[in-house]
Amino acid sequence: MADMQVNLAGVSFKNPVITASGCFGFGREFAKLYPLEKLGGISLKGMTLHERLGNPPPRIAETPSGMLNSVGLQNPGVEAFIENDLPWLKEQNTVLIANIAGSCVEDYCEMAQRISETDVDMIELNISCPNVKQGGVAFGTSPEGAASVVREVRKHAKKPLIVKLSPNVADIAAIAKAVEAEGADAVSLINTLLGMRIDIKTRRPILRNNTGGLSGPAVFPVAVRMVWQAANAVNIPVIGLGGIEKAEDAIEMMMAGASAVQVGAAMFYDPYAPVKIAEGIEQWMNDNGVKNISEIVGTVKPW
Amino acid sequence: MSYLQKQFPILDTKCLAKDIHELVVSCPEIASQAIAGQFVNIRTSHTLRRPISICGIDAEKGTIRLVVKAQGKGTDEICRMRPGDTIDLLGPLGNGFDVKNSNLKAVVVGGGIGAAPMYGVASVYGKNCAAILGFRDSADVILEKDFQALGCELLICTDNGTRGFHGFTTQMLENYLKENHVDIIHTCGPKPMMKGVKDIAEKYGVRCQISMDERMACGIGACLGCACKTKKEDGSSTYSHVCKHGPVFEAQQLDFD
Ligand SMILES: Cc1cc2nc3c(=O)[nH]c(=O)nc-3n(C[C@H](O)[C@H](O)[C@H](O)COP(=O)(O)OP(=O)(O)OC[C@H]3O[C@@H](n4cnc5c(N)ncnc54)[C@H](O)[C@@H]3O)c2cc1C
Ligand SMILES: Cc1cc2nc3c(=O)[nH]c(=O)nc-3n(C[C@H](O)[C@H](O)[C@H](O)COP(=O)(O)O)c2cc1C
Ligand code: FES
């Protein structure tokens, strides 16, 4: 029997497939299609201390094998989540990861504190959202910025802390090392790559925000490369994401060094993608005599 | 409300006008619960699914009709599908029109491809309904016989006067409201037209429902991509999501700026 279980920072996941933040809401919409307990975990929609309305529309543009989004962290605020969504989520029998963003270090700390008082299993610190003007990515693009926010948040986070990294940087290894040194329990990458599309008839950007975050299969090779570089630089677990749409992609990402994976944009064209990926990994393990999925992590044999 | 995602067989296809095709899809699970104004999200070879309104529903036969205008690579692909092919649908999605009281006197206003969802609405009201449909040119007119078969009063408008009333649907609507009692207006079409319909409905004090159009990704309310500015009860602005809170909104909820 293939053992799909993985352990990240002391939290046990029944399989290594987690839904990516912002692509799965708070789970209710997909729960109409399949039980959420089939998932290893859910990284919940990015939250802020107070409600955010997000950016004006259009917020979505299609790209070759991918998409841009400029949602801009629309969310009801952390208290509304705790009151309205968390009790229901807690009954779904899967690992819950709260993805939090702020416009200043104090906001991040207050959120980490508040989430730590709840039944959420882990915190994912989003220092990489390209769609909000202040904060977010401002912290994530330099080792010093990333370290400064993790250092403070660490004091308030009583749950395992994942730091979600931006790909819009020159040296991902340096940033991964910096957050590890400040006490991050894991890193997840990649968030979206900054992109732009223009309607040549109107000469207007398709997104009202002008620019947005690129995700989907188009970013997969970039994500594999960055996960590989980050995994080689740190000893904490790496969660790999960016463009994963099938079991083979997840396996490739794990061979690059990811201990678990997240699936995002693929769910928009195939809502069952995370379930199929988990089943496909299990099938592949059986076919290849892999007993424990953790055996394959980082087993790429670089030239 | 619930939805599902599956491959369904296409039973029939037909060209209705230049670049506009109709597909009849066998999907009993969707047909049995769909309401006029709801939509399906269709997978093509491109990354994002394409939202398409459910034009007609035959719950008995277990079929729905889709009317699609080829205006880009995804809709072009859908228009090239033929009987015997299968189509990957996620649906039925969103909230349809309020057609619970078919005894009301209704007017449906459809602009261009917006005529398609209006057919499903008109088929609920039948004779109690007037359909005001606007097209650029006589060659673009679609679903004429279908609306006629419902027994509703059909008022066709063309921008260039090559068929029916020479002018916009909004002018026709205003003329109609001056002379007739109307309980409810349902509309779908280009934004400027829908804004015009909203203003006229307000002027004449008639309830009005509008089907909105926005770029989508998930289609179910999870990605928050399809935002549309709406007014809360206290008058403040917020963003609703066309796929989940719409596509049909009460006119007064909408904030066309
Ligand atoms: C609720 C709803 C119901 C609709 N019903 C119908 C219908 O019954 N018949 C019909 O012909 N069309 C309908 N449309 C419009 C249809 O979805 C678009 O024409 C289609 O998505 C364009 O895709 P494309 O590949 O041809 O164009 P491309 O320009 O190649 O598309 C690129 C991207 O932009 C999106 N996009 C482009 N134009 C639109 C648009 N007007 N609305 C939404 N997304 C757009 C596409 O979905 C895709 O993600 C509906 C739209 C909505 C939101
Ligand atoms: C519509 C949308 C919304 C997103 N919102 C968030 C968010 O709130 N927080 C976050 O950390 N990442 C967010 N992301 C980024 C994804 O979690 C993920 O990092 C990225 O999309 C790459 O993975 P993918 O190619 O599998 O989609 C969002 C992505 C999309 C497409
Ligand atoms: S398309 Fe995802 S929320 Fe509407």
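In region A:176-192, of all residues being buried (at least 21 other Cβ atoms within 10 Å of the Cβ) and among the aliphatic types (A, V, I, L, M), the one that is nearest to ligand 2 (Cβ to nearest atom) corresponds to A:190. Among the residues of region A:45-66, the ones that are buried (at least 24 other Cβ atoms within 10 Å of the Cβ), charged (D, E, K, R) and more than 7 Å from every other protein chain (Cβ to nearest Cβ) come to 1 in all. Under the condition of being more than 14 Å from chain B (Cβ to nearest Cβ) and open to solvent by 10 Å² or more (accessible area, probe 1.4 Å), the residues counted in region A:258-277 number 1.
Among the candidates B:108, B:121, B:99, which residue alone is under 28 Å from residue B:29 (Cα atoms), open to solvent by 10 Å² or more (accessible area, probe 1.4 Å) and under 15 Å from the mean Cα position of the chain (by Cα)? Unique residue meeting the criteria: B:99.
Taking (1) open to solvent by 10 Å² or more (accessible area, probe 1.4 Å); (2) more than 22 Å from residue A:259 (Cα to Cα); (3) touching a residue at least 60 places away in the same chain (Cβ under 8 Å); (4) of a type outside the set (D, E, K, R) in turn, residue A:173 satisfies each apart from (2).
In region A:176-221, which strands (runs of 3 or more DSSP E) lie fully inside it and hold 3 or more residues that are more than 16 Å from ligand 1 (Cβ to nearest atom)?
Values: elements: A:186-189, A:193-195, A:212-215.
Correct list: A:186-189.
Scanning region B:110-127 for residues that are farther than 28 Å from residue B:71 by Cβ and touching a strand residue (DSSP E or B) at 6+ places or on another chain (Cβ under 6 Å) returns a single hit, B:125. Among the residues making up region A:67-88, those that are touching a residue at least 60 places away in the same chain (Cβ under 8 Å), surrounded by 20 or more Cβ atoms within 10 Å (Cβ to Cβ) and at negative phi are A:67, A:68, A:69, A:70, A:71. In region B:240-251 there is at least one residue that is under 30 Å from residue A:23 (Cα atoms), open to solvent by less than 10 Å² (accessible area, probe 1.4 Å) and away from ligand 3 (no atom under 16 Å from the Cβ). Report yes if some residue within region B:198-205 is touching a residue at least 40 places away in the same chain (Cβ under 8 Å) and either open to solvent by less than 30 Å² (accessible area, probe 1.4 Å) or outside the structural domain of residue B:137 (by TED's automatic domain parsing) (or both); otherwise report no. Yes; the residues of region B:198-205 include at least one that is touching a residue at least 40 places away in the same chain (Cβ under 8 Å) and either open to solvent by less than 30 Å² (accessible area, probe 1.4 Å) or outside the structural domain of residue B:137 (by TED's automatic domain parsing) (or both).
The values are calculated or read from the model by the stated rules, or taken from the named source; none is laboratory data. Remember, it's a predicted structure, so these values are computed and weren't measured experimentally. Positions of Cβ are generated from backbone atoms using ideal geometry, with glycine treated the same way; all protein chains shown enter the neighbour counts. Calculation scope for accessible area: heavy atoms of the full protein, side chains included, ligands and nucleic acids excluded. Shrake-Rupley method; radii C 1.70, N 1.55, O 1.52, S 1.80 Å.
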